[in-house]
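Student: A single structure is presented below for examination.
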Amino acid sequence: MEIDRRAFIASLGGAAAVNLMDSEAKADALEHWMEEHLDEQVAANSGQTPEKFPTAAEIEAQIETRNFRRGAGSLFTSNRGNVKKLEKMPKNPSIHDFFRLRFAPANHVLQSATRALKTGMSEEIVLACLLHDCVLSLIKPDHGWWGAQLFEPYIPEKSAFAIRYHQTLRFYADSDAGYEYPDQYYRIFGQDYTPPPHIEATYKMLRNHKWYMEPRMVTVNDLYAFDPNAKVSIDPFTDIIGRHFKSPKDGLGNDNSPSAHMWRTLANPDQPL
Ligand SMILES: [Fe+2]
Ligand SMILES: [Fe+2]
């Protein structure tokens, strides 16, 4: 099969990272890459008719066909019937408790962090990948900013930066880094969608920022993290969480941090006020 050399090198964290690998590690990485891209290649060669994406106007026309808004956090709505009773959170809940009881199954973020770990990304990026979309349980619009705010009191500045800005960079391809505009975005925003001015302005700022690659690497790992059959677990990340996530001793939500109320809302989404 054909190898996209630049995307492959980028997936390993760039040329500098590749130089640090011995030849056996390089061969292993190449094998992984080929496995991961085999399905795409098979689909591309099978001559299926290309998918027809909706327009932004067609997406907008769907608004009044729903009894919820698309921006509502996933804890607050159900696609199938009524919402279910949630298991109570423990008294002093940790990030592991939130993963188990409020973010579950969290398959997408676990997949993206697993990939980041496998491809030798920094621990700050692995952590950012692990947390990058967790806030979607609470709210969806501007989830990069909401997500960064939720985690900021507890994680390294670089990880918060990566979470805040991955949302913006998802709209902009960077083939040198191994990131293409996702088909999924044609599907959910419309094929002719253009990002709003605050996203464009943020993108311009990021292109010249010394930490550009932090959120960019989150987007690269994001792209390949939608395999419905992937078996993932939070266990491989226990050490990284232990080293970089400052767990408050009274539990998330009980610590008076600037985002404590957000954790309480996640813990108790059935509160009427
Ligand atoms: Fe995201
Ligand atoms: Fe994501």
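Student: Just checking, does the stretch 224-235 include any residue being open to solvent by less than 60 Å² (accessible area, probe 1.4 Å) and within 16 Å of ligand 1 (Cβ to nearest atom)?
Tutor: Taking every residue of the stretch 224-235 in turn, at least one turns out to be open to solvent by less than 60 Å² (accessible area, probe 1.4 Å) and within 16 Å of ligand 1 (Cβ to nearest atom).
Student: Here's a follow-up. Would you tally the residues in the stretch 111-128 being crowded, with 23+ Cβ neighbours inside 10 Å, more than 10 Å from ligand 1 (Cβ to nearest atom) and under 25 Å from Arg70 (Cβ atoms)?
Tutor: Here the count works out to 1.
Student: Among the residues of the stretch 60-96, write down those that are without any contact (Cβ under 8 Å) to a residue 60 or more places away in the chain, under 30 Å from Lys246 (Cβ atoms) and of a type outside the set (Lys, Arg).
Tutor: Passing the criteria: only Glu87.
Student: Within the stretch 153-172, which residues are away from ligand 1 (no atom under 16 Å from the Cβ) and open to solvent by 20 Å² or more (accessible area, probe 1.4 Å)?
Tutor: Pro153, Pro156, Glu157, Lys158
Student: Moving on. Can you tell me which residue within the stretch 163-190, out of those that are touching a Ser or Thr at 6+ places or on another chain (Cβ under 6 Å) and away from ligand 2 (no atom under 15 Å from the Cβ), is farthest from Glu60 (Cα to Cα)?
Tutor: Gly178
Student: On to the next question. Quick one: how many residues across the stretch 207-222 are away from ligand 1 (no atom under 15 Å from the Cβ) and open to solvent by less than 70 Å² (accessible area, probe 1.4 Å)?
Tutor: Matching residues across the stretch 207-222 total 3.
Student: Could you tell me which of the residues Gly147, Gly120 is out of contact with any strand residue (DSSP E or B) (no Cβ under 7 Å at 6 or more places or on another chain), within 15 Å of ligand 2 (Cβ to nearest atom) and small (Gly, Ala, Ser)?
Tutor: Answer to the check: Gly147.
Student: Hey, another quick one. What number of residues within the stretch 164-220 satisfy the criterion of being hydroxyl-bearing (Ser, Thr, Tyr) and outside any helix (DSSP H, G or I)?
Tutor: Matching residues across the stretch 164-220 total 7.
The values are calculated or read from the model by the stated rules, or taken from the named source; none is laboratory data. Predicted, not measured: the structure shown is a model, and the values here were computed from it. Cβ: placed from backbone, ideal geometry, glycine included. Neighbour counts: every protein chain shown. Just so you know, the surface numbers come from the protein's heavy atoms only, side chains and all, with ligands and any DNA or RNA stripped out. Shrake-Rupley method; radii C 1.70, N 1.55, O 1.52, S 1.80 Å.
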